Amino acid sequence: MTLTAMESVTTEDRCLNGAAILEAKDITLRFGGVTAIQNISFDVKEGEVRAIIGPNGAGKSSMLNVINGFYHPQEGEIWFKNALRGPMKPYQIAYQGIARTFQNIALFKGMSTLDNIMTGRFTHMSSGIFSQAWWRGAAEREEFLNREKVERIIDFLEIQQIRKPEVGGLPYGLQKRVELGRALAAEPKLLLLDEPMAGMNVEEKEDM
């Protein structure tokens, strides 16, 4: 099923007068002979919440993948912070200030909650590999600063009790919260949440 502008895009406006930080203009995405997205146009203003809704297979995740730079549309344009964006790698998108969670959880399962959320800070790390290995001076100060910010996110999400365990052994709902924490750690200008409460029970949804 194809996501089209007329039938599947709705909005929940939180700020109607802010400047648009993201503009999608006439986006069409095809995979071979299958059209996943057709002629989608919308914008997102600063301070605004937007929701893309539709049935399974409608192209919701594909649209987020276009915004995130993972897919490159055959037609249309993406404007971010008033600049036309050409083809970019996902890590370059992250440096631009876009972070996301995934429909299928994408965490480092053998790492702790704390270390997973720390990976969200990589765009804010400037010390070189040798400085980090020596862990003195600027690298040490940078580590403490990023660790402090991550600890604040852990407190905000109320997951202090799972700071040290490997995330692969955590319940599904807590893994979703850790993934959200990693995205928040990047301090993004635009946060993309792909079905952030899918598969959760009522209590977990209320917590989120």
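Here are some pairs, LYS45/LYS149; LYS25/LYS109; LYS164/LYS205; LYS60/LYS164; LYS89/LYS109; LYS45/LYS164; which of them have Cα atoms lying more than 31 Å apart in this structure? Walk me through the intermediate numbers first.
Working: LYS45/LYS149 26 Å; LYS25/LYS109 37 Å; LYS164/LYS205 23 Å; LYS60/LYS164 34 Å; LYS89/LYS109 24 Å; LYS45/LYS164 37 Å.
From LYS45/LYS149; LYS25/LYS109; LYS164/LYS205; LYS60/LYS164; LYS89/LYS109; LYS45/LYS164, over 31 Å: LYS25/LYS109; LYS60/LYS164; LYS45/LYS164.
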Can you give the convex hull volume per residue for the Cα atoms of the stretch 136-194, as a whole number of Å³?
103 Å³
Is any residue of the stretch 97-111 close enough, with backbone N under 20 Å, to a label point placed 7 angstrom from the Cα of MET208 along the Cα-Cβ axis, and if so, which?
99-109
Per principal axis, descending, Cα span of the stretch 79-126 in whole Å:
38, 29, 15
Run the dipole for the stretch 10-118 about the Cα centre, Lys and Arg Cβ at +1, Asp and Glu Cβ at -1, nothing else charged, and hand back the magnitude in debye, nearest 20.
280 debye
Starting from the residue with the highest accessible area, list GLU48, GLU203, GLU148 in decreasing order, probe 1.4 Å.
GLU203, GLU148, GLU48
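What per residue convex hull volume, in Å³, do the alpha-carbon atoms of the stretch 46-197 yield?
Values: hull volume 21.7 nm³, N = 152.
So the per-residue hull volume is 143 Å³.
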At R0 = 25 Å, FRET efficiency that the Cβ-Cβ distance of ILE53 and GLN161 yields, to 0.05:
0.15
Can you sort SER41, SER112 by 1.4 Å-probe accessible area, starting with the largest?
SER41, SER112
Just to make sure I understand: if all protein chains stay in place, what is the order of LEU184, LEU193 by accessible area at 1.4 Å, largest first?
LEU193, LEU184
Ignoring ligands and nucleic acids, what accessible area does THR101 show with a 1.4 Å probe (Å², nearest 10)?
10 Å²
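The values are calculated or read from the model by the stated rules, or taken from the named source; none is laboratory data. Small disclaimer: the values here were computed from a predicted structure and weren't measured. Heads up, the Cβs are rebuilt from the backbone with ideal geometry, glycines too, and the neighbour counts pull from every protein chain shown. Areas reflect the complete protein model, heavy atoms only, side chains present, ligands, DNA and RNA absent. Shrake-Rupley method; radii C 1.70, N 1.55, O 1.52, S 1.80 Å.
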